[in-house]
1. In whole Hz, what ³J(HN,Hα) sequence does the range 10-25 give by Karplus (6.51, -1.76, 1.60; θ = phi - 60°), x for Gly and Pro?
2. Give or take rounding to whole Å, what are the principal axis extents of the alpha carbon atoms in the chain, in descending order?
3. Please compute the modelled spin-label separation between Ala45 and Ala129, points set 7 Å along Cα→Cβ, answer in nm with one decimal.
4. Any idea which of Leu164, Pro58, Leu102 is furthest toward the positive side of the dipole for the range 41-167, if Lys and Arg beta-carbons carry +1 and Asp and Glu beta-carbons -1?
5. Between Glu25 and Val13, what is 0.36 nm times their sequence separation minus the Cα-Cα distance? Round to one decimal in nm.
6. What are the extents of the Cα atoms of the range 96-164 along their three principal axes, in Å, largest first?
7. Using only Cα atoms, locate the centre of the range 48-66 and the centre of the range 1-21, then give the distance between them in Å, rounded to an integer.
8. Taking the range 6-61 on its own, what percent of its Cα-Cα pair distances exceed 18 Å?
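The numbers here are math on the coordinates, done by the rules we state, and not lab data. This is a predicted model, so every value here is computed, not measured. A quick note on method: Cβ atoms are made from the backbone with ideal geometry, for glycine too, and the neighbour counts reach across all protein chains shown.
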Amino acid sequence: MIALGATRSPHGVHGAIKVHSFSGETDHFRDLSSVELRRDGKSIALKVVSVEIHHQTPVIFFQDVETPEAARRYCGWEIWVESAHAAPLTGDEFYIADLIGLQLQAQGREIARVTAVFDGAQAPLLEVAVAAGDSRRLVPFMAPYIGRVDIEAGSIELEAPWVLDIE
């Protein structure tokens with residue numbers, strides 16, 4: 001499952017809800033038939049009746065949500081779908097969620113494993129469990145710290161092993 005976006009506010013008088021797309025892409029929203037809304041540890045499955053795109057903003061009509069008041073109950077929730085329904089990737093792109101579980105390698109040896117990814121001020125931060133010991137550290141996911149990312153091989157090249165205080 002992957003988060004596509006978040007519901008924002010009611011749109012019009014028929015229960016539609018404006019959506020913020022996390023990727024900035026919107027066309028893939030048109031193919032949705034159902035979604036899972038998540039917030040505060042709760043989840044709700046909803047069927048999608050239709051999706052319109054207004055000025056690069058997806059507007060979703062859900063089954064049994066027919067008034068602005070009903071739509072307001074679902075505002076502020078994340079929209080989760082199977083990853084097959086996410087925006088298509090091109091070239092060397094990948095989803096941030098795909099980084100979790102990858103090995104962090106330096107000079108051909110595994111030195112840590114990615115356990116989580118957090119938003120940072122300049123770049124995402126990889127939380128890694130260091131292989132030698134039980135500690136966790138944060139590594140900026142940007143050059144000059146990170147080199148090649150190989151999702152298929154399950155590895156990320158760490159260009160600056162000194163950030164983990166490992167020799």
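1. Per residue, the Karplus-derived 3J(HN,Hα) values read x, 9, x, 9, 10, x, 6, 10, 6, 10, 9, 7, 5, 8, x, 7 Hz.
2. Principal axes ranked by extent give 62, 32, 25 Å for the Cα atoms.
3. 3.1
4. Result: Pro58, furthest along the dipole toward the positive end.
5. Computed gain between Glu25 and Val13 is 1.8 nm.
6. Per principal axis, max minus min of the Cα coordinates gives 29, 26, 21 Å.
7. The distance from the Cα centre of the range 48-66 to that of the range 1-21 comes to 7 Å.
8. Values: 444 of 1540 pairs.
Tail of the P(r) past 18 Å holds 29 percent of the pairs.
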